[in-house]
Amino acid sequence: MRGLYAAGRRYFQEQDPRFAIAFAPALLVSILLYVRSPLSNYIFDEQEALLANPYVNDKTLPFLSAFERDFWGLPPERSIGSYRPIPNLIWRVLWHVSHQPFIHHWVNVIGHAVNGALLAGFVLAVSGRRKLAWLAGAIFLMAAVLTEAISGVVGIADVLGGLGVLLALHALRLPIWGMPLAVLAAASFGLFSKESAIVSVPLIALAAFTTAPLLHPRRPLRLLRCALALVSVAAALVFYTEFRRLTFVTHPDGFWDVPSGSNWHQALWFKAQKWWAQPRTPMDPLPPGTPWHKQQLLRFLAWFQQPSLPHDPINNPLVDAPMPLRVAAALRVYAGGVGQVLFPWTLSGDYSYRAEPIPERRVFFGSVMGALFAVGPLLAGVGVLLHNMWQSFRLRRADVGVRQERLAPAALLATGLLWFPVAYFPHSNIAVLLPTVRAERFWYLPVVGTSLVLSLVAVKLLSGRRERLSAALLGAFFGVQAFQARSHALDYMDDLSFWDATRQAVPLSAKAQLNYSVMLGARGQLQERLKYNDVARQLAPNWAMAHVYYGDTLCRLANTIPATLGERRLAAAERATPHYLKGFALAPNDPNLISLGLQCMWEEKVFLPHRQELSDLADEHPGSWLAYLVGDTVENGEKNGGVAKKYRPRSYDEGPKGESQ
């Protein structure tokens, strides 16, 4: 045992963490901390991402049609946003190997190890300091807040987006003639993995500026390298946006049909002409007096043309918040995320309503701390950068080794301080409202910046007089991170374990309580399902799903009563009706919820006695799914056995129904 410890210590003390050296231990740590149970099933969004993904499942779709579909494999007319073709290409390949989510999440585990090794290698190249480089890679690798991105299959987008950005950092090490193309390729890979890699535009340019004198001491050309990096990442963003506009658009039938007999280059030329001629989405006229910065942001968003994102107050309560309160809540969420990076006491797979509610006022502890964590690092980073530039000028004639020793820590500190607030901004719900109010996987790129800062702090502590105390504190930090990462990864044992852990971590999340109840119901525990479904209903009294599912639980409980006790069974089913009706009224255009309720009402023979009540409710919502499904079931219920089969919701762990339905 001592020999193994001594060998490991020599490995880290005597070898520089270049990629080939750092990857093996990084992979071992990533496996130990983040690998989930081989017996785990489809958890949370994994059902939609894999099991119900028509691109992944439908072998008749061309392999490259991933570039014509969204993250969930849906065509543009059915998309809810998130254009990320590279994860879909990987899932499609792995689907031929195994349908188990355990296999698919290994891409994340290996990818995270690659990213940790890349970060350590980059810090080594900039600073030449072995200990600092190992610590930066380790802090990033073991950040418990990233567990969701690594242990959950859908986190592949965050891991691959991070890979693209880290590869772009390494591209800055290349000669000036090769750097721009490498940065362009790496940034494009990141953007086609996840659109939030858009932060690479300012961040890679920043890193090029801060590290040029260290990566290229003989010919820094700081401004030129920064300008070339900026142009390259901006070109990647333009390429991504225009390519998405070309391939992922909704047009009248036949718009993209290539003339028969065309060869491949003629077909490409035809589509290029169509792309050039297609109308851009016009921007609505701005009100007089709109601030200049807001005008520019709106113009950029109109050009970027992000696919429509869902408006769901349960997943993101901030969609209905006035702008000042929305910013205050966003700052509170950001402060909570910074806290989880440093002290990950509580980790959860969900933070939806009412866990992150709209605040009642703009100024409170959370919003103040969020503002400090946002503005403080930015101001400090600018200050450190300016001082570093002055030091660089003073040491311009010094030896290369002296310049690296004196300039590297401040260059990395400035990069890290400016990095993490900027990297988090696209997920902040300030500029753009997201479908999710908060998610730990959003911190994947920001943690690159915090790892740079924390590694510098750790080295400073270890070089002080109280080295043993500092080592103990650092050991405790890594111990907490490792323990919490492993504990949270164990939540992915199966869907029941995941939602049980989630509701305990965030008891005010109606979504967590409801999903836990559904998992209990799938295992036949209907009374327990009713209990936790009621908790969700109380937490979110205006949530249609909570009411319909509560009615569905009562309806299923009625189904457990023997048919010989007809009156008792009918009376039990009647208890579900008012909950169904309330849910239908709250969501008259949700066909899945409506068909779920109508089908159980039909099977338990309470549909016809309430036909008039249902019809009156449908009449209050003309042209809605409620009106259609109620009318169709009244007319054709006997023939169809209730709701037409093609409209019935997909069962748990069931694949896609097919795009024609």
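Filter the range 36-92 for residues that are among the acidic types (Asp, Glu) and crowded, with 21+ Cβ neighbours inside 10 Å; which is nearest to ASP491 (Cα to Cα)?
Only one residue fits best here, namely GLU46.
Could you tell me whether any residue of the range 108-122 is over 22 Å from TRP443 (Cβ atoms) and touching a residue at least 24 places away in the same chain (Cβ under 8 Å)? Working first, answer last.
Step one: list which residues in the range 108-122 are over 22 Å from TRP443 (Cβ atoms), which gives none.
No, the conditions are met nowhere in the range 108-122.
Return the only residue of LEU539, LEU593, LEU629, LEU581 being touching a residue at least 60 places away in the same chain (Cβ under 8 Å) and crowded, with 17+ Cβ neighbours inside 10 Å. Walk me through it before giving the result.
Numbers: LEU593 fails: touching a residue at least 60 places away in the same chain (Cβ under 8 Å); LEU629 fails: touching a residue at least 60 places away in the same chain (Cβ under 8 Å); LEU581 fails: touching a residue at least 60 places away in the same chain (Cβ under 8 Å).
Residue meeting the stated conditions: LEU539.
Out of curiosity, is ALA576 closer than 15 Å to LEU526 by Cα and surrounded by 14 or more Cβ atoms within 10 Å (Cβ to Cβ)?
Spelling it out, ALA576 is indeed closer than 15 Å to LEU526 by Cα and surrounded by 14 or more Cβ atoms within 10 Å (Cβ to Cβ).
Would you confirm, using the coordinates I've provided, whether ALA7 is in a helix (DSSP H, G or I), modelled with pLDDT under 90 and open to solvent by less than 50 Å² (accessible area, probe 1.4 Å)?
Considered against the rule, which asks whether it is in a helix (DSSP H, G or I), modelled with pLDDT under 90 and open to solvent by less than 50 Å² (accessible area, probe 1.4 Å), ALA7 comes out as yes.
In the set THR564, THR553, THR560, which member is farther than 30 Å from LEU61 by Cβ, of a type in the set (S, T, N, Q) and crowded, with 19+ Cβ neighbours inside 10 Å?
One residue alone meets the criteria, THR553.
Quick one: count up the residues across the range 429-461 that are crowded, with 21+ Cβ neighbours inside 10 Å, of a type in the set (S, T, N, Q) and under 14 Å from the mean Cα position of the chain (by Cα).
Matching residues across the range 429-461 total 1.
In the range 90-102, which residues are of a type in the set (A, V, I, L, M, F, W, C) and under 18 Å from the mean Cα position of the chain (by Cα)?
Within the range 90-102, ILE90, TRP91 meet the criteria.
If I filter the range 146-179 down to residues being outside any helix (DSSP H, G or I) and in contact (Cβ under 8 Å) with a residue 24 or more places away in the chain, which single residue comes out as nearest to THR346 (Cα to Cα)?
GLY152
Return the total of residues in the range 227-251 being free of Cβ contacts under 8 Å to residues at least 60 places away in the same chain and either open to solvent by 30 Å² or more (accessible area, probe 1.4 Å) or acidic (Asp, Glu) (or both).
Final tally of qualifying residues: 11.
Could you tell me whether VAL363 is modelled with pLDDT of 95 or more and either out of contact with any Ser or Thr (no Cβ under 9 Å at 6 or more places or on another chain) or open to solvent by 30 Å² or more (accessible area, probe 1.4 Å) (or both)? Outline the logic, then answer.
Values: modelled with pLDDT of 95 or more: yes; either out of contact with any Ser or Thr (no Cβ under 9 Å at 6 or more places or on another chain) or open to solvent by 30 Å² or more (accessible area, probe 1.4 Å) (or both): yes.
In short, yes.
The values are calculated or read from the model by the stated rules, or taken from the named source; none is laboratory data. This structure is a prediction, so every number in the text was calculated from the model and none was measured. Methodologically, a virtual Cβ is constructed for each residue, glycine included, from the backbone with ideal geometry; neighbour enumeration extends over all protein chains shown. Side chains included, ligands, DNA and RNA excluded: accessible areas come from the protein's heavy atoms. Shrake-Rupley method; radii C 1.70, N 1.55, O 1.52, S 1.80 Å.
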